[in-house]
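Following: one structure in structure tokens, then a few remarks.
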Amino acid sequence: MRKSIISLMISFLLFFPLFGQAPAKPVQGSVSISGAWALYPMVLKWVEEFKKIHPGVKIDVQAGGAGKGMSDVLAGMADLGMVSRDVNPDEVKKGAFPIAVTKDAVVATVSARNPFLSEILKKGVSRARFIDLWVSGKDTSWGAILGSREAAAVHVFTRSDACGAAETWAAFLGKKQEDLAGVGVYGDPGLAEAVRRDPLAIGYNNINFAYDAKTLKPVGGIAIVPIDLDGSGAVEENERVYATRDDITAAIAKNVYPSPPARDLYLVAKGKPANAAALELVRWILTDGQKFVPETGYIGLSPEKLKEGLARLK
Amino acid sequence: MRRLKDLIARRAMLVLAAVPGLLVFLMLFGLLSRSKAILALKSFTGLLFGSAWHPLKGEFGFLPFLAGTLWVTLVAMVIAVPVSLLTAVYLSEYAPRVIREFTKPVVDLLAGIPSVVYGVWGVLMVVPFVGNVLAPLFGVYSSGYSVLSGGIVLAIMVFPTIIHVALEVFSAVPHELRETSLSLGATTWETVKHVVLRKGLQGIIAAVVLGVSRAFGETMAVLMVVGNVARLPKSVFDPAYPLPALIANNYGEMMSVPRYDSALMFAALVLLLVVLVFNLGARLILVRIERKVE
Amino acid sequence: MRTSRRRRLEERVFKVLMLASTVIVTASLLVIVATVVVKSLPALRLSMLVQTPKGGYYLGKEGGILNAITGSLYLASGATLLAVLLSLPVVLYINLYARKKSVLATFTRFSLDVLWGIPSIVFGAFGFIVMMTLGLRASLLAGIITVGLLEIPIMARAMDEVIRLVPASLTEASSSLGATKLETALKVVVRQALPGILTAVLIAFGRGIGDAASVLFTAGFTDSLPRSLFQPAATLPLAIFFQLGTPFPEVQERAYASAAVLTLIILAISLGSRALIKRFTRHSIK
């Protein structure tokens, strides 16, 4: 008699492992996720935590780029796509169902050995000047960018592979990735490396690539270009948000750093996720999962956006 | 029973022998049918010779990519052909046995290195070399990501192909011919010039043709070092955007943007056609030379 | 005599050029291999070879590339097998069965030349079309088919080279003893050319395992070991790419280590093939 009571109590306790939380019915099944590198670290963290609650779910996460994520989902080759850019109307027509899950951003970068670095950090660069660099494609000089006499040319770099970072930076400049000028380098680290090597270079990177994950300071050899938001020609106190990763994520959360180049990151399904495990995963991400966002270097979404997402999932 | 097996085998092999040809045809057909969408938009020549590439605006001009492919392949061959042939001649005619036994495996090993590794190495060493050493030497600016970098990396990848075939060609030249030449007072070099190279001309051309094919067909390694800018390069220090790189960089976008996937399939089709035409041309030249020799 | 001096000068100049060229070629190999090895040293650990990536591997945490190593080996083996089944009969046919100038033989050889020159990305694109037509997802099978097709021209050309060299006297002797063409083909020609055939297979294997463009759209990628033909499979070239694409220097070092592993596999096969050839040459008639 006592044994069965004890075993009953044990199974009762096992069934409610998370003391104080609403018991989640363990979900079974498998989910395949594919897409942008920008979301990869966050999704991995979420998957790790999710599997603690639902050990019966098999989740496969592959990173191959935002475009691939979208293609895979629309082709039925993945349950969820990690997409680091806004979804095109054509994609929506094909059945894309995006849910915003977190935020991150793209920042402009120069080499730490840039001869005009102190001036850059003091004056910042305005959106109009960024457009001169990346859209008009003319040979610009550092003097033209900083409003001084320097004749040294600016070496502009961009991404060669179709990616969310480039689309977002282009969106900030009012264009699309294909409109961006500059030498195309493959991959985020490739672009960072190209900028690091060339003192006169300018490029852009996802904040997770621009800031060191451990020290939270800009990665060695790279400096972040402040955006002169009000065009005043100087970086004011409220515009000086680039010292550490925490500074910039706070600025993004407060909307001090504009969106774009900050952006929502999405998980996309084809129509409402039919896979029960996938649906539960997304629901969890929009609720309990959000608490893991700041420690992974991303920015949490506003409660309204989260509620909106949950409502759409019903 | 044995005869039956022979007959079955013969029929089976006959069918299988049609496979390569069938494969080429299937590829042509498959790519063509997938390119229909974009061919409906613009004519074949319009696409090939258009110079603007803005897919989201519906502009699909492939000229910059064709030019990019041509430039990079040309530079690669300019470097690879002399170096490979000279090496092959040295190994075949001059080198002491020890050096030859050591170098031949090295050349074959070079052929085995995967293209990703070449690309990675190219970014590490070739790009800075071109950008920081060569370009300033010529008084130009280059980021290093350029036609020249692509050409250098490709050339090294092509060395083993040309050397291998050239060595075979040279070894096929009968010794008596060399001995006769030498006994007439010619130096080794003159023997090479007038006997070995002349006798092996056909084979050498075949080797070069093969090298071009190999250079042309390489995707990944070039992609990482060439700069990927969709503009006609004006010098070897400019970046370029070869066709294979276009496809590899953008395949992920294939389903999202209308006609983009069709355009990329068209790019693949163009590559296939270029290879076909090139091989046809090479075959014709070789046949003509063969006739002259006879 | 002036002419003599000019001749000798010319020879000397060319000798220098030739030596320089040879040095360039050899040095390239050594530099490339050395660079990869040196950059990979910090990350070369046994765990790299025997573990699959654990959660967070691409963020710098534990794990290894066993998924890619096994995936690549399965894929390349499957592809090479497919290629052998399609290449050897074709090469035997055009050398032994067809008449010298037969249309089929010329056409087949030409097609093989064309296929040899087609960029691997086009094979990838074609593989993608095949996948969509057959309704296959990105999977090991799709990768095997695509890489197999890629390997056919490489293998066929190398096989053709050696089978052509089999002296006609051998085949004639065999037929005069009453053997059917099939028996001649299998028992005499293949045995004679076996070292070359094996080399051809191994060369094709090396190209297949190292190619990224063909598996880019077709094989997918996964962090687990290959479970079934219809699931995505990881491959070393793509693993290298993905690890290079992360912001963490530790993971980038792992990319070099993966490159070193891939290169070592191919080199080991290349050297192993030489040893095999030496062994099999015992049975060949010189």
Most exposed to least, judged by fewest other Cβ atoms within 10 Å, C:L49, B:L243, C:L236 sort to C:L49, B:L243, C:L236
In debye to the nearest 20, the charge dipole size for segment C:50-283, taken about the Cα centre with +1 at each Lys and Arg Cβ and -1 at each Asp and Glu Cβ, equals 700 debye
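With contacts defined as alpha carbon pairs under 8 Å and 6 or more residues apart, what's the relative contact order of segment B:36-76 in percent?
On the way: 29 pairs, mean separation 11.5, N = 41.
For segment B:36-76, the relative contact order is 28 percent.
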If each part is reduced to its alpha-carbon centroid, segment A:112-138 and segment C:211-282 end up apart, in Å, by 41 Å
Which residues qualify? For A:Y211, with a placed amide H closer than 5 Å and at least 5 residues away or on another chain, they are A:V219
Rounded to the nearest 10 degrees, the helix B:2-41 long axis (Cα) sits at an angle to the longest Cα principal axis of chain B of 40 degrees
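Which whole number gives the average count of other chain Cβ atoms within 10 Å of the Cβ atoms across peptide C:88-98? Walk me through the numbers before you get to the answer.
Details: counts 2, 8, 8, 3, 4, 9, 3, 0, 2, 5, 3.
Other-chain Cβ atoms within 10 Å of each residue's Cβ, averaged: 4.
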Non-local residues with an amide H under 5 Å from the amide H of A:K58, with H modelled 1.01 Å from N and Pro and chain starts lacking one, are A:G29, A:S30, A:V31
One finds the C-alpha centres of segment C:131-163 and segment A:163-202 to be spaced, in Å, by 36 Å
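Arrange the following residues from fewest to most other Cβ atoms within 10 Å of their Cβ: C:F123, B:F216, B:F129, B:F49. Walk me through the numbers on the way to the answer.
Values: C:F123 29, B:F216 25, B:F129 16, B:F49 12.
By the 10 Å Cβ count, ascending, the order reads B:F49, B:F129, B:F216, C:F123.
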Taking placed amide H atoms and a strict 5 Å upper bound, the residues 5 or more places from A:H155 or on another chain that come that close are A:A201, A:I202
Here segment B:55-63 yields Karplus 3J(HN,Hα) values (6.51, -1.76, 1.60; θ = phi - 60°; whole Hz; Gly and Pro given as x) of x, 6, 9, x, 9, 10, x, 8, 4
The size of the Cβ-based charge dipole (Lys, Arg +1; Asp, Glu -1) of chain A about the Cα centre, to the nearest 20 debye, is 1040 debye
Taking Cα atoms only, helix C:140-165 is inclined relative to the longest principal axis of chain C by an angle, in degrees rounded to 10, of 30 degrees
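Starting from the Cα gyration tensor of segment B:34-293, take the square roots of the eigenvalues, sort them a ≥ b ≥ c, and report rounded, prolate or oblate (rounded when a/c is under 1.5, otherwise prolate if a/b is larger than b/c, else oblate). Walk me through the numbers on the way to the answer.
Working: a/c = 2.61, a/b = 1.77, b/c = 1.48.
It comes out prolate by the Cα gyration axes.
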Given Cβ charges of +1 for Lys and Arg and -1 for Asp and Glu, the option among C:V122, A:M42, A:V107 whose Cα lies farthest towards the positive end of the dipole of the protein assembly as shown is C:V122
For chain C, longest principal axis from Cα atoms; helix C:190-210 axis from its Cα atoms; angle between them, nearest 10 degrees, is 30 degrees
In nm, the gap between the two label points placed 7 Å beyond Cα toward Cβ at A:N255 and C:R6 is 8.5 nm
Per-residue Cβ contact counts at 10 Å, fewest first, order A:E91, C:E161, B:E59 as B:E59, C:E161, A:E91
The ³J(HN,Hα) series, computed from each phi in segment B:154-164 with the Karplus coefficients 6.51, -1.76 and 1.60 at θ = phi - 60°, rounded to the nearest Hz and given as x for glycine or proline, is 4, 4, 5, 5, 8, 2, x, 4, 5, 4, 4
Relative contact order of chain C (C-alpha contacts under 8 Å, at least 6 apart) in percent is 27 percent
Expected vector for segment B:96-102, Karplus 3J(HN,Hα) from phi with 6.51, -1.76, 1.60 and θ = phi - 60°, integer Hz, x for Gly and Pro, equals x, 3, 4, 5, 5, 5, 7
Share (percent) of C-alpha pair distances in segment A:52-93 greater than 15 Å works out to 48 percent
Dividing the mean separation of Cα pairs under 8 Å (6+ apart) by the residue count of segment A:206-314 yields a relative contact order in percent of 20 percent
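No value in this document is a laboratory result; all are computed from the given coordinates. Source: prediction; values computed, not measured. Every residue, glycine as well, gets a Cβ built from its backbone with ideal geometry; the counts of neighbours run over all protein chains shown.
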